[in-house]
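Notes for the one structure printed next.
The values are calculated or read from the model by the stated rules, or taken from the named source; none is laboratory data. None of these values were measured; they are calculated from a predicted model. Every residue, glycine as well, gets a Cβ built from its backbone with ideal geometry; the counts of neighbours run over all protein chains shown. To get the accessible areas, we keep the full protein, side chains included, count just its heavy atoms, and leave off ligands, DNA and RNA. Shrake-Rupley method; radii C 1.70, N 1.55, O 1.52, S 1.80 Å.
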Amino acid sequence: MADLFDQMADTNRDKQELARGALCLPAFVLDRAEEVIAELEPILTQAPLRHLITPGGHKMSVAMSNCGELGWVSDRGGYRYQELDPLSGQAWPAMPKLFLDLAQQVAQEAGYKRFQPQACLINQYLPGSKMSLHQDKDENNKSAPIVSLSFGINAEFLFGGLSRGSPTKRLTLQHGDAVVWGGPSRFCFHGVQPLKDSEHSLLGRQRINITFRQVY
Ligand code: SIN
Ligand code: FE2
């Protein structure tokens, strides 16, 4: 019955400090989830999800797109933010006001004021997709936090320390959950374990994670 279980958002989980400056806010955006998903549809029509190639030449298992003034991309030339979608040569779709509002609410809740993200990276995980432990360090602004919102099926999120070998905490991110990390934990290693197959009532067999980044 694991499948059915995933569909029911468990709103009774406590807010959790993952490290100093890092907070998980269970179900924080649950009541806006359907609106977020509706906003994603035209964005992903204009800038479709695609599997980027790492600088080392590997195809990422997570499919990505962006909205906002800047988008994160990867290719043989490296990781970077850019104004144009390399697929279309056009600007990324605008970031919906709802997205900015939610990102700022999450940041504020964790004590990060004046969060002004220019980029929203959209990650699609299908069963089996994973994201290896990494640091988010392509942003020029090193003081703004990262804000993450999760939708769809559950994921096991790993949150470690400032070196790759630091011990990691593992937590299940569910539909409607928010995570924010900044300040002393801004450069903590984090990742996502291979997604277990499951089905969500709104999104089907996928997880969508959106992260907000203040690049400058
Ligand atoms: C990321 O690190 O960019 C994504 C994290 C997540 O999918 O929860
Ligand atoms: Fe990341």
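Scanning the range 54-79 for residues that are at positive phi and touching a strand residue (DSSP E or B) at 6+ places or on another chain (Cβ under 8 Å) turns up just one, G68. Residues in the range 138-156 that are open to solvent by 10 Å² or more (accessible area, probe 1.4 Å), free of Cβ contacts under 8 Å to residues at least 60 places away in the same chain and within 26 Å of D197 (Cβ to Cβ): E156 alone. For Q108, the conditions (1) surrounded by fewer than 16 Cβ atoms within 10 Å (Cβ to Cβ); (2) within 17 Å of the chain's Cα centre (by Cα); (3) closer than 21 Å to Y216 by Cα all hold with the exception of (2).
Residues that are over 15 Å from I122 (Cβ atoms) and not acidic (D, E): list the strands (runs of 3 or more DSSP E) wholly contained in the range 1-108 that include at least 2 such residues.
Details: elements: 16-19, 22-25, 63-68, 71-75, 78-82.
Once the strands (runs of 3 or more DSSP E) in the range 1-108 are filtered for at least 2 residues that are over 15 Å from I122 (Cβ atoms) and not acidic (D, E), what remains is 16-19, 22-25, 78-82.
Residues are listed down the side, and each one gets a yes or a no for (1) within 15 Å of ligand 2 (Cβ to nearest atom); (2) in contact with a Phe, Trp or Tyr (Cβ under 6 Å, 6 or more places away or on another chain); (3) hydroxyl-bearing (S, T, Y); (4) within 30 Å of P42 (Cα to Cα):
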position: K130; (1), (2), (3), (4): yes, no, no, yes
position: P145; (1), (2), (3), (4): yes, yes, no, yes
position: R164; (1), (2), (3), (4): yes, yes, no, no
position: D177; (1), (2), (3), (4): no, no, no, yes
position: W181; (1), (2), (3), (4): yes, no, no, yes
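Counting only residues that are in contact (Cβ under 8 Å) with a residue 60 or more places away in the chain and outside any loop (DSSP other than H, G, I, E, B), which one in the range 158-180 is farthest from A103 (Cα to Cα)? Before you say what the answer is, go through the steps one by one.
Initially, the range 158-180 is screened for residues in contact (Cβ under 8 Å) with a residue 60 or more places away in the chain, giving 159, 161, 169, 171, 173-180.
From what is left, the residues that are outside any loop (DSSP other than H, G, I, E, B) are 159, 169, 171, 173, 178-180.
On the way: F159: 20, K169: 23, L171: 20, L173: 17, A178: 9, V179: 10, V180: 9 Å.
Once the filter is applied, the top-ranked residue is K169.
Okay, residues lined up against (1) of a type in the set (S, T, Y); (2) over 15 Å from the mean Cα position of the chain (by Cα); (3) open to solvent by less than 10 Å² (accessible area, probe 1.4 Å); (4) farther than 22 Å from F189 by Cβ:
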{"residue": "R13", "(1), (2), (3), (4)": "no, yes, no, yes"}
{"residue": "E17", "(1), (2), (3), (4)": "no, yes, no, no"}
{"residue": "L23", "(1), (2), (3), (4)": "no, no, no, no"}
{"residue": "E34", "(1), (2), (3), (4)": "no, yes, no, yes"}
{"residue": "I37", "(1), (2), (3), (4)": "no, no, no, yes"}
{"residue": "P48", "(1), (2), (3), (4)": "no, yes, no, yes"}
{"residue": "L52", "(1), (2), (3), (4)": "no, yes, no, no"}
{"residue": "C67", "(1), (2), (3), (4)": "no, no, yes, yes"}
{"residue": "S74", "(1), (2), (3), (4)": "yes, yes, yes, no"}
